[in-house]
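Have a look at the structure below before the remarks.
The values are calculated or read from the model by the stated rules, or taken from the named source; none is laboratory data. In this text, all values refer to a predicted model and were calculated from it rather than measured experimentally. Positions of Cβ are backbone-derived with ideal geometry, glycine not excepted, and every protein chain shown enters the neighbour counts. To get the accessible areas, we keep the full protein, side chains included, count just its heavy atoms, and leave off ligands, DNA and RNA. Shrake-Rupley method; radii C 1.70, N 1.55, O 1.52, S 1.80 Å.
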Amino acid sequence: MSPIDPSRRTAATVPVLLLAVILGSIPFPGAGYAAEEPAGTSIPLTEWLLLGPAPAPLPVFHGETPGSFSMKDLLAADQVRRPGMAPEEGDVLAWSPEVRLEWRHINSGETGRVSLDGDGGAAAWLATYIRARKFASADLKILGGHLLRIDLDGKTVATDPDDLSVHLDLEPGVHLLLIKTLRDPAAKEPWSVGARLESAGIDLIRAISVSTSPEHPLSLAQILDAPRPSDATLSADGSLAAIRIRRILPGTDASESWVEIRRTGNGSLLRSFRGLDMRSIDWAPAGRKLSYVTRGSGDQKDQSTLWLTDLDNGATREILGPVEQFGQYLWAPDGRSVIYQISEEPPEDKIGIQRLTGLQDRQRDWRTRSYLYQVMVAGGARRRLTAGRLTTVPGSFSPDSRRLLFFRSPDDYRNRPFVGNEIHLLDLITLETETLNEGGWVNDAVWSPDGTEILLLAGPDAFDGAGRTTPADVLANDYDGQLFLMKLGGRGVVPLSRDFDPSVSAMTWHRGDGNIYLQVLEGSRSNLYRLDPERLRYTRIDTGVEVARSIRIARDTPAAIYSGSDATRPPGIWFRNLRSGKPRLLADPGAGAFRHVGLGKVEPFDFVNSRGVRIEGRVYYPPDFDPGRRYPAIIYYYGGTLPVSRDFGGRYPKNWWAGHGYVVYVPQPSGTIGYGQEFAALHVNAWGKYAAEDILEGVDAFLEAHPFVDPGRLGCIGASYGGFMTQYLVTRTDRFAAAVSHAGISNLTSYWGEGYWGYSYSAVASAGSYPWNRRELYVEQSPLFHADRIHTPLLLLHGTADANVPPGESEQMYTALKLLGRPVEYIRIRGQDHHILKHDQRVVWSQSILAWFDRWLKEEPEWWNHLDPGEGKRE
């Protein structure tokens, strides 16, 4: 990917001057189109990429059965079209063993038609890129007396042997127009193709440009559909990496995945597994043996099989299966056995009446229980290890493979967070257990290499507040991950990270070098650290990326593999020798999909708030940024307990928004973890107070430092707690011209009581505070009780199946604002939970957010008016 350079003049970027106008860098002088055309009514498409003509005879014996195969069938065949294709001048295609075709630039000239040569049956393809600066409806007129098929963005929109007229609704962005034409030997007129765009309603010259260059800003399709790594793990000696890659099949909710085995020394491919849906990939503790899970299909779709493939001899054998309701699995360090989970469904509810057993029983599938089993790799003997009324979750094996840590989560209404975190130690020889912990806030536990200690990941308040550094009258934020060391034999628990500001997310105690490796949130970055347990010395390890996630450490050698991305770099798989060397990109599955993308720069922007605290932030710029212009801006925040990390894409793609002409400011307000316990503690019992102050002060500082941003065209957006922040902010200020709240909380009391996790999240966010003892918190900080102060146009979005923040939170605010006569819109996403995952719904959901901002910040309502996720058009 590279920045778009409007000044680069090549034959592949015609007309460049017009493209610069559409991107907003210079005024449009009227160049590039025929002078006799009235502005805004018609644009001839004169610049093309041409492939062919190429010989395209009908297949042999096509006439043996009358009507079995005709020229129309040949026209419908996808001979060169493929998902994600982006033809470029000079690209070569092998048409047959003897014929190679090259995409070449051509101008239709004064006639408006491209003349084609060919004898007998022949095929040719014409391609051009239509760039829509704003939503535009236009009619595409195609001229040509031979067979024609019209594709837009990979979908056939028309096919007819006669002249074609196709209505196009062009969303903002770049669209590939591809025309396939077949020479009809029976046709009398010459073989040629011409095209023009017409519209009576908009000024096409200002709304659209045409180019033969595939270079473009980031698209939503690339964010959603491009191949990306989903898992990666290292062999015990670190020499091989197994990488699982996933991509969405274009235009569907279905996905394809495959596994690549790469040598970590040079990144070369050793083997690829395609056609198998391999899940839960892992390496056996010794040798070059890869384990994975496959699922059945049809009537056996609930059955899974655990396999082991020896890469040295190519043999694959079954370890376990097929078994129903298979969950996760864990290798014993000696490689002799595997611990795995099996789920058990509750009896069928035939009446439809449920008497709750407790608060967790409100959650979907909570009555489904998962239990632990052990299978011996040699011979396949199995035994059940756990039973009881609660699900059991495997933790980690002791180094000698004789003991296992596992977890259970019972209700505990007497103590925050009202759900316990039991840690049990199971002797795999006798099946006797020892309870190591019953309190809350503990998230993970791993063994020391010598088996005498256990490293724990927990909140500051765990173990009677042993990890807290906040003053006695300041409650800690227990989402801030801290390290503790438990010495077996009743010798107590020792905090290890009280003076370490980053928040720990995951940990590995390496048996080879004895060091502890940590994945941490450090501000907006996710970093890798080494902890020397003897000296308690923390050392940051360069990963080569701003966000390193899913970090896995090789069992026998200090080497790491991880998914890494930056604010301007899509995710790839990275490898790092932890003793020496530098981080290396091992696999970049999305490289092809993003090769023509131009991104704007991303710059840090920090400020000091009125309390004297530095607030981190960053700014995304449009790819064609011109400081002499005035830009609308989008302010994106979370405001809850997690920072907005610097990874690429995601559900709220800042680069995509910037590519549509917005400057995007992302502040990290007080209360988030990753900046130390004092900073994180400001989340507790605040519900927006400090975060809102930081966001509004940050906007003031942002505008002062960026005079090219128009203060009258500011939009704000957040989701979940960030959706609450949006609603809270617009009760405090009218400075935003538009606002978006996805799955936002409007009433703290109803969220606390109705949301399945409301009471447990509030155990941190509202620690010790309840509707009966802190009315001022639950009422005064709830946006719903101040709805009459909202004048900003507000878009509410919510999944109808949201089990985290119930849809009623948006319903209540929508009702209030409708009765108050305030500008509000509400989009329900049917069947979706807290995150919008169904592909077609996510597309419309994402477009609706940007179209809302276009409507209010650019005074361009066409896209918003066109979008219709439900029945009927919006007013």
Output yes when any residue across the range 815-829 is polar (S, T, N, Q) and open to solvent by less than 50 Å² (accessible area, probe 1.4 Å), and no when none is.
no
Given the structure, is Asp833 under 16 Å from Ile745 (Cα atoms), open to solvent by 30 Å² or more (accessible area, probe 1.4 Å) and touching a residue at least 24 places away in the same chain (Cβ under 8 Å)?
yes
State all residues of the range 311-328 that are open to solvent by 30 Å² or more (accessible area, probe 1.4 Å), in contact with a strand residue (DSSP E or B) (Cβ under 7 Å, 6 or more places away or on another chain) and within 19 Å of Ala286 (Cβ to Cβ); if no residue qualifies, say none.
Thr316, Arg317
Can you find, within the range 364-382, the residue that is most open to solvent (accessible area, probe 1.4 Å) among those that are more than 15 Å from Leu330 (Cα to Cα) and of a type in the set (D, E, K, R)?
Arg364
Restricting the range 479-488 to residues that are open to solvent by less than 10 Å² (accessible area, probe 1.4 Å) and part of a loop (DSSP other than H, G, I, E, B), the residue that is farthest from Gly640 (Cα to Cα):
Gly481
What's the total number of residues in the range 219-241 that are in a loop (DSSP other than H, G, I, E, B) and either touching a Leu at 6+ places or on another chain (Cβ under 9 Å) or not acidic (Asp, Glu) (or both)?
7
Which numbered condition Ser239 fails, given (1) at pLDDT 95 or above; (2) within 30 Å of Ala284 (Cα to Cα); (3) buried (at least 17 other Cβ atoms within 10 Å of the Cβ); (4) not charged (D, E, K, R):
(3)
Scan the range 489-509 and tell me whether some residue there is assigned to a loop (DSSP other than H, G, I, E, B), more than 30 Å from Tyr638 (Cα to Cα) and either of a type in the set (A, V, I, L, M) or touching a Pro at 6+ places or on another chain (Cβ under 6 Å) (or both).
no
Go over the candidates Ser192, Ser213, Ser219 one by one and state the one that is open to solvent by 30 Å² or more (accessible area, probe 1.4 Å) and under 29 Å from Ala77 (Cα atoms).
Ser219
Between Pro97, Pro38, which is open to solvent by 70 Å² or more (accessible area, probe 1.4 Å), modelled with pLDDT under 85 and in a loop (DSSP other than H, G, I, E, B)?
Pro38
Does the range 821-829 contain any residue that is more than 25 Å from Pro172 (Cα to Cα), out of contact with any Cys (no Cβ under 9 Å at 6 or more places or on another chain) and modelled with pLDDT of 95 or more?
yes
In the range 256-301, which residue that is touching a Lys or Arg at 6+ places or on another chain (Cβ under 8 Å) and among the acidic types (Asp, Glu) is nearest to Pro589 (Cα to Cα)?
Glu260
Only helices (runs of 4 or more DSSP H) wholly contained in the range 673-784 count here; list those with 1 or more residues that are in contact with a strand residue (DSSP E or B) (Cβ under 7 Å, 6 or more places away or on another chain) and open to solvent by less than 10 Å² (accessible area, probe 1.4 Å).
689-705, 721-730
Being in contact with a Ser or Thr (Cβ under 9 Å, 6 or more places away or on another chain), open to solvent by less than 20 Å² (accessible area, probe 1.4 Å) and not hydroxyl-bearing (Ser, Thr, Tyr) is the requirement here; does Pro806 meet it?
yes
Please state which one of Gln482, Gln519 is touching a strand residue (DSSP E or B) at 6+ places or on another chain (Cβ under 8 Å) and more than 29 Å from Arg263 (Cα to Cα).
Gln482
Hey, Arg789 farther than 19 Å from Phe853 by Cα, among the basic types (Lys, Arg) and without any contact (Cβ under 8 Å) to a residue 12 or more places away in the chain or not
no
Tell me which residues, restricted to the range 609-653, are more than 25 Å from the chain's Cα centre (by Cα) and of a type in the set (Lys, Arg).
Arg611, Arg614, Arg629, Arg630
Can you find a residue that is of a type in the set (Lys, Arg), surrounded by fewer than 16 Cβ atoms within 10 Å (Cβ to Cβ) and out of contact with any Ser or Thr (no Cβ under 8 Å at 6 or more places or on another chain) anywhere in the range 261-270?
no
Among the residues of the range 124-161 satisfying the criterion of being closer than 16 Å to His175 by Cα and outside any strand (DSSP E or B), which is modelled with the lowest pLDDT?
Gly154
Hey, does the range 676-689 have a residue that's under 30 Å from Gly628 (Cβ atoms) and not acidic (Asp, Glu)?
no
Being open to solvent by 30 Å² or more (accessible area, probe 1.4 Å) and farther than 30 Å from Arg555 by Cα is the requirement here; does Arg611 meet it?
yes
Residue under question is Ser213, and the condition is that it be on the phi < 0 side of the Ramachandran plot and more than 16 Å from the chain's Cα centre (by Cα); does it hold?
yes
When Ser115 is run through (1) more than 19 Å from Met71 (Cβ to Cβ); (2) surrounded by 15 or more Cβ atoms within 10 Å (Cβ to Cβ), the failure sits at (2)
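Residues are listed down the side, and each one gets a yes or a no for (1) among the hydrophobic types (A, V, I, L, M, F, W, C); (2) out of contact with any Cys (no Cβ under 8 Å at 6 or more places or on another chain); (3) closer than 28 Å to Ile541 by Cβ; (4) at pLDDT 95 or above:
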residue: Ala593; (1), (2), (3), (4): yes, yes, no, no
residue: Ile615; (1), (2), (3), (4): yes, yes, yes, yes
residue: Arg618; (1), (2), (3), (4): no, yes, yes, yes
residue: Tyr638; (1), (2), (3), (4): no, yes, yes, yes
residue: Val644; (1), (2), (3), (4): yes, yes, yes, yes
residue: Phe648; (1), (2), (3), (4): yes, yes, yes, yes
residue: Ser670; (1), (2), (3), (4): no, yes, no, yes
Exactly one of these conditions fails for Ser115: (1) at pLDDT 95 or above; (2) under 20 Å from Pro55 (Cβ atoms); (3) among the hydroxyl-bearing types (Ser, Thr, Tyr). Give me its number.
(1)
Examine the range 529-536 for a residue that is outside any strand (DSSP E or B) and in contact with a Ser or Thr (Cβ under 6 Å, 6 or more places away or on another chain), and state whether such a residue exists.
no
Looking at Gly544, is it at pLDDT below 95 and either within 23 Å of Val666 (Cα to Cα) or surrounded by 17 or more Cβ atoms within 10 Å (Cβ to Cβ) (or both)?
no
Mind telling me which of the residues Asp184, Asp151 ends up being open to solvent by less than 50 Å² (accessible area, probe 1.4 Å), in contact (Cβ under 8 Å) with a residue 40 or more places away in the chain and more than 41 Å from the chain's Cα centre (by Cα)?
Asp184
If Val92 satisfies all but one of (1) touching a residue at least 12 places away in the same chain (Cβ under 8 Å); (2) surrounded by fewer than 17 Cβ atoms within 10 Å (Cβ to Cβ); (3) on the phi < 0 side of the Ramachandran plot; (4) within 37 Å of the chain's Cα centre (by Cα), what's the number of the condition it fails?
(1)
